[in-house]
1. Go through (1) buried (at least 17 other Cβ atoms within 10 Å of the Cβ); (2) modelled with pLDDT under 90; (3) more than 29 Å from the chain's Cα centre (by Cα) one by one and return the number of the condition PRO204 breaks.
2. State all residues of the range 411-424 that are buried (at least 18 other Cβ atoms within 10 Å of the Cβ) and either at positive phi or charged (D, E, K, R) (or both); if no residue qualifies, say none.
3. Take the range 439-470 and flag every residue that is surrounded by 11 or more Cβ atoms within 10 Å (Cβ to Cβ), in a loop (DSSP other than H, G, I, E, B) and at pLDDT 80 or above.
4. Within the group VAL478, VAL527, VAL502, VAL531, which residue is free of Cβ contacts under 8 Å to residues at least 40 places away in the same chain and in contact with a Leu (Cβ under 8 Å, 6 or more places away or on another chain)?
5. Looking only at helices (runs of 4 or more DSSP H) that lie completely in the range 62-159, which have at least 3 residues being of a type in the set (A, V, I, L, M, F, W, C) and either more than 21 Å from the chain's Cα centre (by Cα) or under 30 Å from ALA47 (Cα atoms) (or both)?
6. Quick test for you: out of VAL473, VAL532, VAL478, VAL500, pick the one residue that is in a strand (DSSP E or B) and closer than 23 Å to LEU602 by Cβ.
7. Whether any residue in the range 334-345 is in the same structural domain as ILE117 (by TED's automatic domain parsing), part of a helix (DSSP H, G or I), modelled with pLDDT of 90 or more and of a type in the set (A, V, I, L, M) is what I want to check.
8. Restricting to the range 557-581, name every residue that is surrounded by 16 or more Cβ atoms within 10 Å (Cβ to Cβ) and either modelled with pLDDT under 75 or outside any strand (DSSP E or B) (or both).
Amino acid sequence: MDIWRFLVGRPLKSGEAAKEEIGTSEGLAALSLDALTSVAYGPEAIAIVLVGVGAAGIRLLLPVSLAIIGLLSILVLSYSQVIEVYPQGGGAYAVSRENLGVAGSQLAGAALIVDYILTVAISIAAGIGALTSTFPSLLPLTLPLCLFVLAIVTLLNLRGVGESARAFLLPTLVFVVGLLAVLAWGLIHPTIHPKMVIPSQSPPVSLFFVAKAFAAGLTALTGVEAIANGVPLFREPRVVRARRTEWLLGTFLGAMLLGIALLTIQFGVLPGGHVTLLSKIISASVGHGWIFFVLSLDIMVVLGLAANTSFGGLPVLASLLARDGYLPRGFATRGDRLVFERGIWVLAIAAAMLLIAVNGNTQALIPMFAIGVFTGFTLSQTGMVIHWIKHRPKFWKARAGLNLLGALLTGIATTLFVITKFVEGAWIVILVIPVLIFLFRRIHRYYDGVAQILHLGEIPSPLVAFHKPLVVVPIVPVLSTLTRRALAHALSLSDHVIAVVVLFEGEDDDARAKSFEDAWNKWAPPVRLVVVKSQYHSVVRPLLRFIGTLERRADERVVVLIPEIIPGNLPASLLHNRLGAAVGAALHSRTDVVLGTVPMHLAEEPQPDSTEPS
């Protein structure tokens, strides 16, 4: 426990929550890395589709990238509005819950959960993939390295969002400033680079082909919604800081996508081989000097750290789902470090299982990516349209028009992605989302049933005290301090106490019973002793039968008080019988019996040569 406390830090007081809140620059590190680092694979995904018609197809990268940047602009403006209207966080889920009803909110929640898990797995796999591309000797260690990075990111988030944001701030700034500077240098004063000559005219292609390339590049927009989901993580004024972070994200991401598209065409760089498209562009701009190696190494780092976006978003989303009764209540409870620990653990475990399933292979995950987030995009935009129509604030028509355009474009994008990626793995996401919605509904139905049984929120009937109970104490046939302590506690609850010992029939057991009864009579406690004989070597069943034969008043409760030894450590616990656990498990379903325990901690007890006060 001391080691774990050292790793995650000391518990924080509620008043120290402000220390874990983040500002604008920290928000970029904590909630924007997923979107920012998508430039490492988004433009390349477009280029791979385009070169399917030959080298000249790469010229279509600019118009396709401009279309994606246009959609990015709409999303950034729209999510700025979401941040303003729903500062409690939750993004698409919060918008859908208020404006699209139960079904819409459940769909948004399920879609975002799938997206967050995939984001963690893909980000880490892509980062390790970049590392193994640079150092091929590490390729056999792909999966262990993925799990190691996942463990580090998980640990940092268990320490607090503020800690993880500060830890990731430097590599984030190096990535953003460094890559923008390299792209600008390449456009203004490119290094002499042997360019591949490509035809000046783009080849004639079908609209479906362009749509396929556009859909492939949609992965560059994942993570845009994370800031709106995590607004509560920011320092006051939260809305101002969150919106500013959203605008910076859109500006940086748009500039990177545009620069990569222009330089790809300028240098005649084509995708393929063991070197990524982004790496080729960087080397063409600044050569293979120290800038290239520093930036390449930093890209590897931030790709792996991009998983932090999900760790900032999913726990907040899960807490909202839990408060609405769609996930277990524990997801809405903060831990010692004032983070939603259960959401962090579930995200880490699910991502680890996914990485193990695909052996850390990024390409196996890509076809499943973006469906969840674009479903959330569409629901969020649609919900905002309804919001503006209902409330009609100043300029509501312009705002609703922006969101309507966003809903149409993201809806089309979602459909394109499903069609083009369905057989490659998108069908898995389409299957998982309904399963999650089914679980949401079952959990919600259970909580509704519990609320009815407990009459939650209702004024209870007048309080009537119970009579003192009949207390039954199961004991072993050897007197001890544990027996004395258990009976003493029983007598403090009631004057009607019965000590029950179960003995087995047989010559040795008869002698043991006689010895125990003699010791009991010599001790002579003010407690009735009942010896239950059993032909079978079972303690639990005879004890249950005895409890069932007890005569008592209709309003008299039976309390079974179980003496229990608590060893000082785990290995020692293996050396003790678990009679208390067995009896407790057998009686747990009995509605007419109240269970209690009398624990005796061995580590805190006096040594054998000490004298215990009576």
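1. All conditions pass for PRO204, except number (1).
2. Result: LYS421, single match.
3. LYS468, PRO469
4. Answer to the check: VAL531.
5. Per the criteria, 101-134, 142-159.
6. Going through VAL473, VAL532, VAL478, VAL500 in turn, the sole match is VAL473.
7. yes
8. Matches in the range 557-581: ARG557, LEU579, GLY580.
The values are calculated or read from the model by the stated rules, or taken from the named source; none is laboratory data. The structure displayed is predicted, hence computed values, not measured ones. Heads up, the Cβs are rebuilt from the backbone with ideal geometry, glycines too, and the neighbour counts pull from every protein chain shown.
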